[in-house]
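The structure appears below as C-alpha cells.
The values are calculated or read from the model by the stated rules, or taken from the named source; none is laboratory data. All of these numbers come straight from a predicted model, not from anything done at the bench. Please note: Cβ atoms are built from the backbone with ideal geometry, for glycine as well, and neighbour counts cover all protein chains shown.
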Amino acid sequence: MKKPLFTFVIFLLVICNSYSFEYKYCRADTTYDMLSFYTLTKDTVLYRKTGKDIPVYEFYLERKNNTDEWDAIKSITIKDSATGKIIQVLDSQKDSLFIVNMEFNDYNFDGYTDMYLYDACAVLGNCFGKVFLFDPKKKIFVREKIFEEMTTVCIDDAKKEVYSFNQCCGGNESDSRIYRYINGKLTIQKQVSKTYSDIQAKYIYTVKEFNNMGKVKTTKVIKSEDPELDL
C-alpha cells in the first residue's frame with residue numbers, strides 16, 4: 001500500500017471511531033431523519049409531514065454560492081406543498097444559523113415533527129445548533145432556546161428523554177446530560193462529567209442528580225480506570 005493512501009485510510013478510521021464513540025453515548029433513538037450538507041450539491045427540495053392534521057410541507061434548501069463547510073445553506077423556505085403558500089423562511093444570516101446538518105425528529109414528544117439545525121460538528125462529534133419545535137396552533141416552527149445550552153442534541157422516544165453530549169481531549173474529558181419534560185418544561189435530571197487525572201492515573205466521574213425543579217439533590221464522585229464507565 002502506498003504511503004499517501006495508507007495515511008488517508010488511517011485518517012478515515014480515526015474519524016469513524018470518533019463518531020462511533022459519540023453515537024454510542026448519544027444516539028439512543030435511531031429513528032431520526034438527518035440530511036447533511038455533504039449530500040447536497042445544489043438547491044434541494046424536501047417534503048415532510050409534521051403531523052397527522054398538518055398538510056405536507058415543502059422545505060426548499062438554498063445553498064450558498066461559495067459554500068464552505070461551516071455554513072452550507074443560505075436559507076430554508078417552508079411552504080404548504082398543496083397551495084404553494086409560504087409558511088416560514090429561515091435565513092442563516094438573519095437567524096444566526098449554521099445550517100449544515102438538518103434533523104427531523106420529535107424533540108418535545110408531542111406527536112409533531114420538529115427541526116434541529118446545526119453546524120458541521122467537530123471531529124469528536126460535538127455539534128452546535130438550534131432546535132425549532134413545531135407549533136400545531138400557529139403551524140410554524142418556533143425556536144426553543146433551552147436546547148442551545150446543549151451540545152449534540154438527541155432523544156430517546158421510548159424513555160421521553162433528551163440527551164446532550166460533549167467531549168474533548170481524545171475522549172478523556174466529557175459531559176453527558178439527561179433532560180426530561182417536567183410540567184411541560186425541559187428540565188435537567190442527571191449530569192455525568194468525566195475527566196482524566198494524570199496524577200492518579202484514573203478517570204474521575206462526577207455524577208449529579210437533579211430534582212424536578214432542576215436543582216442538584218445528590219452529588220457523588222467515582223474514580224475508575226474504566227474510560228467508559230456506565231453510570
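At a glance:
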{"item": "Top-ranked residue in the range 98-113 [being at pLDDT 90 or above and more than 12 Å from V131 (Cα to Cα); ranked as surrounded by the fewest Cβ atoms within 10 Å (Cβ to Cβ)]", "result": "G111"}
{"item": "Residue count for the range 198-231, restricted to those that are more than 20 Å from T151 (Cα to Cα) and in contact (Cβ under 8 Å) with a residue 12 or more places away in the chain", "result": "17"}
{"item": "When residues of the range 212-223 are limited to those that are touching a Ser or Thr at 6+ places or on another chain (Cβ under 9 Å) and outside any strand (DSSP E or B), the one nearest to D175 (Cα to Cα)", "result": "G214"}
{"item": "Wholly enclosed strands (runs of 3 or more DSSP E) of the range 149-208 bearing at least 3 residues more than 22 Å from A122 (Cα to Cα)", "result": "173-182, 185-197"}
{"item": "Selection from the range 80-136 of residues that are assigned to a loop (DSSP other than H, G, I, E, B) and among the aliphatic types (A, V, I, L, M)", "result": "A82, L97, I99, V100, A120, A122, V123, L124"}
{"item": "Flag if D95 is exposed (fewer than 15 other Cβ atoms within 10 Å of the Cβ), at pLDDT below 90 and within 28 Å of E149 (Cβ to Cβ)", "result": "no"}
